[in-house]
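J.: This is the structure I have questions about; it appears just below.
Bear in mind these aren't lab numbers, they're just calculated from the coordinates by the rules spelled out. Not measured: the values here are computed from a predicted model. Ideal geometry is used to build each Cβ from the backbone, glycine not excepted, and the neighbour counts take in all protein chains shown.
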Amino acid sequence: MDASWAGSYDNLTDLKTHSALAVEGSFTRIIDESKIKTVPITDFEFTVDEVIHDPAGTLKEGTRITVRQTGGSVDGVLHQISDDPLFKISENAVLFLKEPEPGLFYVIGGPSGRFEVINGRVTPFDADGTKFEGTLEDFIAAVKGS
């Protein structure tokens, strides 16, 4: 599947400005797979290890949230967006999120609001998005300073 993103972000200031939250943690399980009309969606449980940006003060470390992503299995066939593949269980990430309804979140800008964390280092998931390479601590400081 392909998608056209309504918003794409190429810097931390815009990501932070347009998101309700920025969190670091990992995907712990699939909660549900369903469809909205004919579009498959998957709801993932994400355990928050670090709250990076939360102006409303709604989250604490250890909180488990539901992150919805377009894509999923339909009749045994995996459907996912080419530049924003489905999250993987145990994947560690930093996510910039919106909350369209209480308790349900989605990543803003698709892949541009998603960062991989591997061995304590953060890299953008989207090669055309925000440029950053460094430690998680450096990333958190950059977001807080933006």
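J.: Can you tell me the 0 to 90 degree angle between the C-alpha axis of helix 136-145 and the longest principal axis of the chain, rounded to 10?
T.: 80 degrees
J.: Say each of Thr63 and Glu137 gets a label point 7 Å from the Cα, pointing the same way as Cα to Cβ; how far apart are those two points in nm?
T.: 2.6 nm
J.: Now a separate question. For the chain, what does -39500 (n - 2.57) per DSSP helix run (n ≥ 4), summed and divided by total residues, give at 222 nm, in deg cm²/dmol to the nearest 500?
T.: -3000 deg cm²/dmol
J.: Within the chain, what is the longest stretch that has no trypsin sites (Lys or Arg not before Pro) placed in a DSSP loop and near at most 15 other beta-carbon atoms within 10 Å?
T.: After excluding every exposed loop site, the longest remaining stretch is 89-130.
J.: Also: Which residue, His79, Gly113, Ile41, has the largest displacement toward the positive end of the dipole of the chain when charges sit on each Cβ (Lys, Arg +1; Asp, Glu -1)?
T.: With unit charges placed on the Cβ atoms, the residue in question is Ile41.
J.: What are the residues whose amide H is under 5 Å from the amide H of Leu86, where those residues sit 5 or more places off or on another chain and H is modelled from the backbone?
T.: Ile81
J.: Also, I was wondering about something else. In terms of modelled amide H atoms, which long-range or inter-chain residues lie less than 5 Å from the amide H of Asp49?
T.: Answer set, sorted by chain and number: Glu24, Gly25, Ser26, Gly62.
J.: Sticking with this structure for a sec: How about segment 73-146: which GluC sites (Glu not before Pro) there lie in a loop by DSSP and see at most 13 other Cβ atoms within 10 Å? Present the calculation step by step, with values, prior to reporting the outcome.
T.: Working: sites: Glu91, Glu116, Glu133, Glu137; in loops: Glu91, Glu133.
Within segment 73-146, the qualifying GluC sites (Glu not before Pro) (loop, at most 13 other Cβ atoms within 10 Å) are Glu133.
J.: Ile36 versus Asp54, label points 7 Å from Cα toward the beta carbon: distance in nm?
T.: Label-label distance for Ile36 and Asp54, simple model: 2.4 nm.
J.: Among Leu104, His53, Ser146, pick out the residue whose Cα is farthest towards the positive end of the charge dipole of the chain, where Lys and Arg carry +1 and Asp and Glu carry -1 on C-beta, about the Cα centre.
T.: It is Leu104, whose Cα lies furthest towards the positive end.
J.: Let me ask something else about it. Past 20 Å, Cα to Cα, is the threshold; run Lys60/Lys144; Lys16/Lys60; Lys35/Lys60 against it and keep the listed order.
T.: From the list (Lys60/Lys144; Lys16/Lys60; Lys35/Lys60), the Cα-Cα distance tops 20 Å for Lys35/Lys60.
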